[in-house]
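I have placed the structure first, in the form of structure tokens, so that the comments after it can refer back to it.
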Amino acid sequence: MRIGLLTEGGYPYAVGESGVWCERLVRGLGQHRFDLYAVGRPSAAGASLPLPPNARLVRAADPEGASGNLLERAALGTARAARRAYGRRDRRRFTEAYERLATGLCAEAAEGTGGARGVSTAGAGGSGAADMGEPGGATAFAEGLYALAELARERGGLPGALRSDDAVRALEAACRAPGARRGAAAAGLPDHLAFAEHLEGVLRPLSLDWYEEDALGAADLCHAAAGGTTALPGLLAGHFFGTPLLVTEYGVQLRAHYLSAAGADRSAPLRTLLAALHGRLAAEVYRQAALLTPGNAHTRRWQERCGADRDRVRTVHPGMAADRFDGVGEDEESGDPATLVWVGRAEPAKDLVALLHAFAEIRTRQPDARLRIVTVPVRDPGAEPYLAQCRALAAQLFPDEAAGAHAVGENPVSFEELGGPEAPTLEDTYASGAVVVLSSVVEGFPAGLVEAMFCARATVSTDVGAVVEIIGGTGLVVPPRNPRALADACLALLRDPERRYRLGAAARARALELFTVEQNLAAFRGIYLELLSHAPVRHRPGDGALFAHPAEAHVPGSWTPRAVTAGTGAPDA
């Protein structure tokens, strides 16, 4: 089977957890051929990971900037350049398509009808609900999107047109039309210009040279490793060629947009337009996808609230390497019985302040308790100020203690960095304590919790994101922003070693059953075959007769003789 893999973050370039997941998928499903389409900014060094024999990098593009792999015909241009690029007829086609898309974005949301009902933009500083609107608005957006894609494919992209005077005037008219969202109607010229620039970046994949018979047109299946802009080329491949689209989301991009602090300085009308854009795009991707595979029920609920058909949504938990934690998980006696461990990124969403106040309560009731805060190195400039604030609070709550008048004091709370001398590896970090704590107020799928379960550690977590789904009944869960409840749960486990061991063993068994790389690969192995078996047969020159090979012939096995699979083009068959 030939898979067009749309990768987030620019895999095979060495960046992020998404690249790790794609690497495991490609290498684990060696019987399939993977054509990689990298959507995202490559690493600064430009170095890429070595690809296995069944994979090749077909295209790469950076929607956020002027990448050398992006077609020159899609480069930014002035309004005058856009006018020169199109004749009068094509300019009229562009204007009509853009007007249709803008009308769909600005259409007033209708309570109780399609879209992301009840999903609020308050987390993003928005005003009101980010409902995707009535079906007419979603239809207008989709019609405008595909009309722009067809024009870009026929005329070699949209050079400068998306930021031209025609585009800004069409957007302004849509914002001021009867029935437009109240937030959009209040937008001024600076908002229109800023939104047009953002929209140009989001729609830049329309101008790529990926929609040809020898590119995405040759794929049996498009698999997007994220939603939003990453899935947009797969959406267009389905429109042009009927290629089935599989979308895997371990973190919902629409949710990330709502929670992002990057747009805090934007005006309310601009935030309304941006929320509408990302909401409409997410809803269209979910509507057209043959199957959605969220990584957890929390993500699944977001997708369904955004209009996804629950019959086409199937939870596939992310696979994580468990073997590195085997040594810890098999040693029940490891770890200081009075030590709590926290591991993660130092950011306000992790609520270390509440954890420190909870630990103050713990210390009053168990004076020998200790807390290790182990931070993961990040490049976020906001991490250091928050970490400094937490250090200052710890120094205030827990003055350095000394055994005698001539001894050096020591704080019961230690701040360490992963990879340092005190915490060289994750295994060592989890093995050092008896209980692992998660104190977050916002989470998606907390991978650190799964790592602690692989290490057979009892856990105390706040009830956020996918925590309850991950833990099941193998750990204690408390409300977020409640230091007293967090302290009570930690003390209950610190004082009951038998219960700790019992919960830790159950946690490890659950993690090995649900969250390993092997179960993830097995799920996608079956999904690929299922989607291909239901996809319409497309005849290509040189393929031979229609229905000459059954869907099963694409996957090697006892039912696929080598002579048959050799004709399918499968690399290892």
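Derivation of every value follows stated rules applied to the coordinates shown; laboratory data play no part. All values derive from a computational prediction rather than experimental measurement. Because the Cβ atoms are built from the backbone with ideal geometry, glycine has one as well, and the counts that use them run over all protein chains shown.
For the peptides 387-400, 231-244, the ranking by mean Cβ contacts within 10 Å, running from highest to lowest, is 231-244, 387-400. Other residues within the sphere of radius under 11 Å centred on the Cβ of residue 151, judged by their own Cβ, net out at +2 (K and R +1, D and E -1). Taking amide H as placed 1.01 Å from N in the peptide plane, residue 55 has its amide H under 5 Å from the amide H of 34, each at least 5 places away in sequence or on another chain. With only the Cα atoms considered, the range 177-218 has a convex hull volume of 105 Å³ per residue. When you count the other C-beta atoms within 10 angstrom of each residue and take the mean per peptide, 18-29, 173-184 line up highest first as 18-29, 173-184.
Taking the DSSP beta bridges with both ends in the range 292-443, the antiparallel portion is around 5 percent. Measuring nothing but how far apart in sequence close Cα pairs (under 8 Å, 6+ apart) lie, relative to its length, the range 280-391 scores a relative contact order of 23 percent.
Hey, can you rank 516-524, 373-381 by average C-beta count inside 10 Å, highest first? Before the final figure, lay out each step's value.
Working: 516-524: 17.1, 373-381: 14.6.
The peptides rank, most packed first, as 516-524, 373-381.
From the Kirkwood radius over Cα pairs of the range 440-502, Stokes-Einstein at 4 °C and 1.567 mPa s returns a whole-number translational diffusion coefficient of 108 µm²/s. For the range 333-340, the Karplus equation 6.51 cos²θ - 1.76 cosθ + 1.60, evaluated at θ = phi - 60°, returns couplings of 8, 6, x, 6, x, 10, 10, 9 Hz by residue, with Gly and Pro reported as x.
Using the alpha-carbon centroid of each, what span in Å lies between the range 457-485 and the range 299-340? Cα centres, the range 457-485 to the range 299-340: 13 Å. Among the GluC sites (Glu not before Pro) in the range 300-401, those placed in a DSSP loop whose Cβ has at most 13 other Cβ atoms within 10 Å are 330, 332, 333.
The string of couplings for the range 18-33 from the Karplus curve (6.51, -1.76, 1.60, θ = phi - 60°) is 4, x, 5, 5, 4, 4, 5, 5, 5, 6, x, 10, x, 7, 9, 9 Hz, one whole number per residue in order, with x for Gly and Pro. Assuming a ≥ b ≥ c are the square roots of the Cα gyration tensor eigenvalues, decide whether the range 233-375 counts as rounded (a/c under 1.5), prolate (otherwise, with a/b larger than b/c) or oblate. Cα axes put the range 233-375 in the oblate bin.
In debye, nearest 20: dipole of the range 159-267 around its Cα centre with unit charges on the Cβ of K, R (+) and D, E (-)?
Numbers: 8 positive and 13 negative charges, 139 e Å.
So the magnitude is around 660 debye.
A Cα-only calculation for the range 297-386 places Rg and Dmax at 19.1, 53 Å.
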